[in-house]
1. On a C-alpha basis, how far is the centre of the stretch B:1-75 from the centre of the stretch B:248-314 in Å? Whole number, if you could?
2. Between A:ALA36 and B:VAL353, how many nm apart are label points set 7 Å from Cα along the C-beta direction?
3. Subtracting the Cα-Cα distance from 0.36 nm times the residue separation, let me have the gained length for B:ALA2 to B:ALA365 in nm, one decimal.
4. With the cut-off at 1.5 for a/c, could you classify the stretch B:202-401 from its C-alpha gyration tensor as rounded, prolate or oblate?
5. Need the list of aspartates and glutamates near B:LYS198 for cross-linking: C-alpha distance under 20 angstrom, and skip anything on the same chain fewer than eight residues off.
6. Taking 7 Å along the Cα-to-C-beta vector as the label spot, tell me the B:GLN397-B:LEU384 distance in nanometres, rounded to one decimal.
7. Summarise the accessible area of the stretch B:202-401 (1.4 Å probe, protein heavy atoms) by the percent that is carbon and sulfur.
8. Straight-line reach from B:LYS240: which aspartates and glutamates have a Cα under 15 Å away, not including same-chain ones fewer than 8 places off?
Amino acid sequence: MKNPIDIRQLATDVLAGIAPEADLSTVGDHEDLREALDLDSMDFLNFIIGLSQGSGVPIPESDYPRLFTLQGLVAYLTR
Amino acid sequence: MADFLMPALGADMETGTVVQWLVEPGARVKPGDVVAVVETHKGAIDVECFLDGVIGDLVPVGERLPVGAVLARVMETGGKPAVSVKASKSAVSAVAQPASPPLGREAAAPRTGQSTPVNPRRKVSPAARQRALQIGLDPDALSGTGVDGAVVLGDVERAGRRTRSVAAPAAAASAAHRGSFDPVQMRQAIASAMARSKREIPHYYLSSTVDFDAAQAWLQAWNRDRDPVHRLLPAVLLLKATALALREVPQFNGFCEGGVFRPGVGIHVGWATALRGGGLVAPAIHGADGRSPAELMEAMRDLVQRARAGGLRSSELTDPTVTVTSLGDRGAESVLGVIYPPQVAIIGFGRVVERPWVVDGQIVARRLVNLSLAADHRTSDGHLGGQLLAAIQQHLQSPETL
């Protein structure tokens, strides 16, 4: 999966399992998702797990900061 | 013959409503079996029965009953449940109130039906799959309560009733809203437990700053070569270090009853978990001192998931012998907790921060975490509290032994 639209859909689907009331369409591309959607450490780890499993990209821990925003995670996962 | 009673799921619970029976009258029950779903201010809880025998005389679902009300009778295996429904019925109907659906409950988004990223594909029993398709639900999207999280018939029925109750608000009072709770009721319950705590418990507070570098380095090394699903959060090490320290200083693991300390049997850490939309619950991670970090991570993930999506078990709410609150990576730098009665201590961890720190006379950048204790002065003093904090601190310096 290398298409930005698919990545956004993946992020939406994964988030639905973590924060069902969260609406990704209200979050700006440069906003920190953790702040915007009130994700705690466990939520964010679960988010990474879902993105990694859904995209096949391993996502080492040191790269987490690159996935804090929508723009960042789309860029990272479409590489 | 023994009575199966409405359990007190914490100091802040006064009433509950059986919203579903998971056993039929005449069914054999063993200690630890989940027999009913009870709706409380903490959401719908899977209530276990610790009796052994044949269950009967089930109270009807949908009535709000006080803690201690008879919910069913259990006869020793071989006997038959008595048919004296009247006795238990009259006892409970005297106090039963109409369970009117509080405002805002329908607005709260039910969190069931969301697949978890960890285990996106659940096992589904054939009967459950058939029933789900019959009533137009996606069986793979339901959350399961069977072995290994399998979706069983009861889960489908519950989900089906929830779906129908949204369409028919009149049925809402008796529907199990797994994962949703009434925020107003929850706030009142927290207020009442915390007001009681501050009124009755003479708190004292201690805090220390703990060097978290060794623990952080160990975590990074552990996480580096593992899939995200097997990675650990710092909270796991904080939890394990605390549990081990409580083994060495057990005077903080237990209860104050009538001004006297009663030690807890086992170290069952109540893990403070914030619920989305407000509210807080601190269910037990049983035997935390005897579990590996990987096991604790799994337990914590499962517990947080169930605290938020529904499916906490009654024993998890009644068993905690102490509470730990960890604010996580976006939290405040420190926290001084309020003891959850009748416990005698709450241990708090702030966010891990990087700050200047002196090591061997040199100022270096270090990751630090603020550690705090709020404890009951009726059962301990600050001197002993200091020993607990020192023990936690010491364990965090040797993460490989956690």
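The values are calculated or read from the model by the stated rules, or taken from the named source; none is laboratory data. Note that the structure is predicted; figures quoted are calculated from it, not measured. Positions of Cβ are generated from backbone atoms using ideal geometry, with glycine treated the same way; all protein chains shown enter the neighbour counts. Areas reflect the complete protein model, heavy atoms only, side chains present, ligands, DNA and RNA absent. Shrake-Rupley method; radii C 1.70, N 1.55, O 1.52, S 1.80 Å.
1. For the stretch B:1-75 versus the stretch B:248-314, the Cα centre distance is 22 Å.
2. With each label point 7 Å from Cα toward Cβ, the separation is 2.8 nm.
3. Answer, rounded to one decimal: 124.5 nm.
4. Oblate, because a/c is 1.5 or more while a/b does not exceed b/c.
5. Of all the aspartates and glutamates, those that pass the test against B:LYS198 - Cα under 20 Å, at least 8 places apart if same chain - are B:ASP12, B:GLU14, B:GLU257, B:ASP376, B:ASP381.
6. 2.5
7. Ligands and nucleic acids excluded, carbon and sulfur reach 52 percent.
8. Cα-Cα hits under 15 Å: B:GLU248, B:ASP289, B:GLU295, B:GLU298, B:GLU400.
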